[in-house]
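Inspection log for the structure reproduced underneath, given as structure tokens.
The values are calculated or read from the model by the stated rules, or taken from the named source; none is laboratory data. These numbers were taken from a predicted model, which means no experiment stands behind them. In this analysis, Cβ positions are derived from the backbone assuming ideal geometry, glycine residues included, and neighbour counts consider all displayed protein chains.
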Amino acid sequence: MAENQENNKRGALVVLEGLDRSGKSSQCVKLVSFLENIGCVAELWRFPDRDTSVGMMILAYLSNQSH
């Protein structure tokens with residue numbers, strides 16, 4: 001157990017949930033910026049990926065553009 005504990009740190013997954021168009025993405029961008037400013041490594045992931053065919057259908061539905 002003489003391992004260097006600095007190299008043994010685990011990351012965290014933070015998930016923000018909420019209604020559509022409630023500002024989740026804006027808050028995520030602010031959170032990532034804050035974490036990076038204090039020296040943390042942070043990544044922003046978005047689901048569903050709106051560039052896929054299913055993601056485009058979801059976006060169209062949420063934007064009232066679906067038929």
Where a residue in region 30-57 is in contact (Cβ under 8 Å) with a residue 40 or more places away in the chain and on the phi < 0 side of the Ramachandran plot and its partner, wherever it lies, is outside any loop (DSSP other than H, G, I, E, B) and of a type in the set (Phe, Trp, Tyr), with Cβ under 8 Å and at least six apart:
none
Look through 31, 59 and report the one residue that is at pLDDT below 85 and assigned to a helix (DSSP H, G or I).
59
